[in-house]
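S.K.: Following this message is one structure expressed as structure tokens.
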Amino acid sequence: MLADLRYAIRTLVRAPGFAITAILALALGIGANTTIFSAVNSILFHPAGVSEPQRIVALRVRYGDMQMANIGNSVMDFKDAREQTSVFSAVAVTSDGSFNYATPDAPVRLEGAQVSYRWFDVFGARPMIGRVFAEEEDQPDANHVVVLSYGTWRHFFGGDRSVVDRTIELNQLPYRVIGVMPPEFHFPARAEVWVPLGIKPSAFVADNRHNQFLDMYARLQPGVSFERAQIATKAIVDRVLQTEDSKGYGKASKWALFAMPYLEFTSGDLRGPMYVLLGAVGFVLLIACSNIAGLLLARASGRAREVAVRAALGAGRWRLVRQMLVESGVLAFAGGLLGIAAGYSGIRLLMALAPQSIAQGLVVSLDQRVMLFAIGVTVAAGLAFGIAPAWQLATASGITGLREGGRSGTASRSRQRTRSLLVMAELAIALVLLAGAGLFLRSLTRLQMVDTGFDPRRVSSAHASLVSSRYKDQAQRSQFIRTTVDRLSTMPGIESAAAIIPLPFSDPSWGASFSIEGRAQLPDEPGPHGNVRYISPNYFSTMGIRIVSGRAFTGQDISPESPVAIIDELLAAQYWPNQNPVGAHMRFGSRQPWATIVGVVGAVRHTELAGVSKKGTYYFPIYEKTPDVVSFVVRGPQGNQAIRAAVGAVDSLEPVYDVKPMEERVAESLGPRRFAVTLLGGFALIALLMAAIGIYGVISYGVTLRTHEIGIRMALGAERAQVMRLVLLQALRLAAAGVAVGLVGSAILGRLVSTQLYQTSRFDPATFAATTGVLLGAALLASYLPARRAMKVDPMIALRYE
């Protein structure tokens, strides 16, 4: 084996062009696979900082009759799950909780998570410094302790390990730092600090069963299966529904608690695209292996005499095969090392290209699993491109090999047919990738054309947080918002300004049930339900939302005794079909007064462009109920600076954060899709380039084999154009065969990814025609240079050609 290794290295050194080409092609394929697998591993299989993720489940709620298939939990769900100690070793919940932190330069906003005390136990995470929460700290008025994320610790505290036990101010209240988490733990991904949730004991009452505002996770006991967790949640549902009477809200709305695997829940819509990308880079590696195999076959023609002589001197078939495999192994080893290095660089490029919604909190690295994958891919690739050429060369007869330089060229033509089959496979794979990229690109293009229901152009937006210690009541909050909006409206260049909660394409939707005056609810009817928004006057004009009927809110719509509401077209069509709802009455909560509907507005997409919204929205004046966080929108140039200036003038201690144009927010909603299309398109272009190189090699070598024949044709009167047409037709036949197989593969791929497409047929004719044209054009372009060389053959020289 050592002798074979030394001989293989000497042989490759004598053919540097071949060796460099093969190693670079292999490194590209292995590097791309390593990069994408590292992301897949971190997102779908082994997220960084989480111990045994397969033992974690997300506990969720659905309402079968209310278009809510997967939402958060209530405190009563949390109580019931904690009691399942035989199934769950730890259960914890989280709720949003961001904080204002005063730095020496300016106040900043820290994204936080309020969590119950077993939170870190659920994920098997341990602090890098200090400790995490104790049970007695997860109580109201005792929860003023904080755990910092690694990034917050480094950025705001300079990595000072003595920060533990230091008191800092969050929302102008003292919090004691008790720990710092390691850099790999980021859950929730946005969290910069964690504080105890501190749920009041009085909240654990039956009336709060359907008040969902928590996200709940649980760790399974050792040896307990996911199916056992499903049985446990089903038992909770049965018990809860049995304790309700026949008119219970849970039964009427088809409420249920259910379990999801943690990895499935956190990957969400990324699962499908990530598998598509992993398959795409696998195809790229296949094309690279096919190209290398073709190069080996071409090179074997020059080594036929050598192999024949060795066989004549007594070398057995296995001895010859082993020598060829060792050479392939050397190529694979060099390509693998370079590919792993390329994979490391590819990870950095991947994270730079990834949208914030994916990159936030994601740790992608070349860990042990990724390295084992890269080694496995390298070995598989070496066998894939090495076995067929080695076997074909070793099984050629000695006599044929000794005649290889003769004019028959039988063995060379046999290898040429094998190379042609490899190139057809490359073309077919390239077409599949091109078609897949084309389908996703067409889907993305149609998504970008979706009407949001508002005009995001020239609209800026930002958030501000109203610290509860300084804005303790509704009047103070309303005054802050009113003063800020009035100041914005009078600034030069600002056409209009308004406030809203929650902001479209930024915050999650708020959904709630409501009642309609004069309309009785049947026992089996869950009641009306919709998205709820709180807005200030001029919001619709600022956002460019059309008024269908009635009017918008005015500055006089602030009376708690005579509240008003506005609904959108979807809600009107669903609950007031074939009638004008203006003047009708609705209310949010049984203890609230009836609100008069004063207007109907156009439907707005609040969170995503894909899909068809089936749930309507109703709006209330923001001055009646202002939450802790408020968002401002302004129409006009320099809107970002205007919001910062206006808020700073009203309250210099109030941080303004997440400042960006609305167009950017809408575009970011398509970030994961655009990211997938970019990567898939890049891999498709790489595959097309490799396939073009492959067909160039086949046609070029075919011209070399047929030089004698071409000379005879030209000596007998063949025109140069006829010779070119002869060569191009050979390339076209190869391309046509590859296209035929590729179209079948593209149709299968379209069927597999149909759920990822928006208003795009999985057999889209325009996409398939365009990608086929691109592939055929690339094939003809790649074969043009060999065709020109054939056209310039001198008949006298060709007739003497060996």
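S.K.: Just one of Ile695, Ile710, Ile699, Ile686 is at pLDDT 85 or above, assigned to a helix (DSSP H, G or I) and of a type in the set (A, V, I, L, M, F, W, C); which is it?
M.R.: Ile686
S.K.: Those residues that are farther than 30 Å from Met128 by Cβ and outside any helix (DSSP H, G or I), I need them from the stretch 1-56; list them, please.
M.R.: Result: Met1, Arg14, Ala15.
S.K.: Could I ask something else about it? Tell me, which residue of the stretch 7-44 that is aromatic (Phe, Trp, Tyr) and over 27 Å from the mean Cα position of the chain (by Cα) is least open to solvent (accessible area, probe 1.4 Å)?
M.R.: Within the stretch 7-44, the match that is least open to solvent (accessible area, probe 1.4 Å) is Phe18.
S.K.: Let me ask something additional. Tell me whether the stretch 72-95 contains one or more residues that are under 17 Å from Val193 (Cα atoms), in contact (Cβ under 8 Å) with a residue 60 or more places away in the chain, surrounded by fewer than 17 Cβ atoms within 10 Å (Cβ to Cβ) and of a type in the set (S, T, N, Q).
M.R.: Checking the stretch 72-95: at least one residue is under 17 Å from Val193 (Cα atoms), in contact (Cβ under 8 Å) with a residue 60 or more places away in the chain, surrounded by fewer than 17 Cβ atoms within 10 Å (Cβ to Cβ) and of a type in the set (S, T, N, Q).
S.K.: If you go through the stretch 745-763 one residue at a time, do you hit one that is open to solvent by 10 Å² or more (accessible area, probe 1.4 Å), charged (D, E, K, R), more than 24 Å from Arg789 (Cα to Cα) and touching a residue at least 12 places away in the same chain (Cβ under 8 Å)?
M.R.: yes
S.K.: Shifting gears a bit: Considering the stretch 418-457 alone, what residues qualify as being free of Cβ contacts under 8 Å to residues at least 24 places away in the same chain and open to solvent by less than 20 Å² (accessible area, probe 1.4 Å)?
M.R.: None; the set is empty.
S.K.: I need the full set of residues from the stretch 717-762 which are of a type in the set (A, V, I, L, M) and not in a helix (DSSP H, G or I), in order please.
M.R.: Answer for the stretch 717-762, where residues must be of a type in the set (A, V, I, L, M) and not in a helix (DSSP H, G or I): Ala718, Val753, Leu757.
S.K.: So, one more: In the stretch 764-789, what residues are hydroxyl-bearing (Ser, Thr, Tyr) and either open to solvent by 60 Å² or more (accessible area, probe 1.4 Å) or not in a helix (DSSP H, G or I) (or both)?
M.R.: Result: Tyr784, single match.
S.K.: Search the stretch 357-369 for residues that are of a type in the set (A, V, I, L, M) and pair each with any residue that is in a loop (DSSP other than H, G, I, E, B) when their beta-carbon atoms are under 6 Å apart and the residues are at least 6 apart or on different chains.
M.R.: From the stretch 357-369, the pairs are Val363/Ala48; Val363/Glu184.
S.K.: Shifting gears a bit: Can you pull out every residue in the stretch 564-578 that is open to solvent by less than 40 Å² (accessible area, probe 1.4 Å) and among the hydrophobic types (A, V, I, L, M, F, W, C)?
M.R.: The answer is Val564, Ala565, Ile566, Ile567, Leu571, Ala572, Trp576.
S.K.: Hand me the list of helices (runs of 4 or more DSSP H) wholly inside the stretch 386-499 holding 1 or more residues that are at pLDDT 90 or above.
M.R.: Fully inside the stretch 386-499 and qualifying: 410-448, 474-489.
S.K.: Of everything in the stretch 45-59 that's open to solvent by 20 Å² or more (accessible area, probe 1.4 Å) and under 18 Å from Ser225 (Cα atoms), which residue is nearest to the chain's Cα centre (by Cα)?
M.R.: So the residue we want is Phe45.
S.K.: For the stretch 330-360, give me each residue that is open to solvent by less than 30 Å² (accessible area, probe 1.4 Å), among the small types (Gly, Ala, Ser) and more than 22 Å from Val13 (Cα to Cα).
M.R.: Gly343, Gly346, Ala354, Ala359
S.K.: For the stretch 504-518, give me each residue that is modelled with pLDDT under 85, surrounded by 14 or more Cβ atoms within 10 Å (Cβ to Cβ) and part of a loop (DSSP other than H, G, I, E, B).
M.R.: Selection gives Asp507, Ser509, Trp510.
S.K.: So which residues in the stretch 492-501 are within 40 Å of the chain's Cα centre (by Cα) and open to solvent by 30 Å² or more (accessible area, probe 1.4 Å), if there are any at all?
M.R.: Matches in the stretch 492-501: Gly493, Glu495.
S.K.: Right, something else. Residue check: is Ile168 of a type in the set (Val, Ile, Thr), under 16 Å from Val108 (Cα atoms) and open to solvent by less than 70 Å² (accessible area, probe 1.4 Å)?
M.R.: Against the criterion (of a type in the set (Val, Ile, Thr), under 16 Å from Val108 (Cα atoms) and open to solvent by less than 70 Å² (accessible area, probe 1.4 Å)), Ile168 qualifies.
S.K.: Here is a follow-up. For the subset of the stretch 519-534 comprising residues that are touching a helix residue (DSSP H, G or I) at 6+ places or on another chain (Cβ under 9 Å) and not in a loop (DSSP other than H, G, I, E, B), which member is farthest from Leu570 (Cα to Cα)?
M.R.: Residue satisfying both the conditions and the ranking: Arg533.
S.K.: What's the number of the condition Ala69 fails, among (1) surrounded by fewer than 19 Cβ atoms within 10 Å (Cβ to Cβ); (2) closer than 20 Å to Thr266 by Cα; (3) modelled with pLDDT of 90 or more?
M.R.: (3)
S.K.: Looking only at the stretch 114-140, which residues are buried (at least 17 other Cβ atoms within 10 Å of the Cβ) and in contact with an Asp or Glu (Cβ under 7 Å, 6 or more places away or on another chain)?
M.R.: Ser116, Tyr117
S.K.: In the stretch 57-69, what count of residues is obtained for those that are part of a strand (DSSP E or B) and touching a residue at least 24 places away in the same chain (Cβ under 8 Å)?
M.R.: 8
S.K.: Looking only at the stretch 565-605, filter to residues that are of a type in the set (A, V, I, L, M) and part of a loop (DSSP other than H, G, I, E, B); which one of those is nearest to Arg519 (Cα to Cα)?
M.R.: Filtering the stretch 565-605 for residues that are of a type in the set (A, V, I, L, M) and part of a loop (DSSP other than H, G, I, E, B), the one nearest to Arg519 (Cα to Cα) comes out as Ala584.
S.K.: For the stretch 460-484, name all the residues that are open to solvent by 10 Å² or more (accessible area, probe 1.4 Å) and hydrophobic (A, V, I, L, M, F, W, C).
M.R.: Ala475
The values are calculated or read from the model by the stated rules, or taken from the named source; none is laboratory data. Owing to the predicted nature of the structure, the values given are computational and were not obtained by experimental measurement. For neighbour counting, all protein chains shown are included, and Cβ atoms are generated from backbone atoms with ideal geometry for every residue, glycine included. In case anyone asks, the SASA skips ligands and DNA or RNA and just uses the protein heavy atoms, side chains included. Shrake-Rupley method; radii C 1.70, N 1.55, O 1.52, S 1.80 Å.
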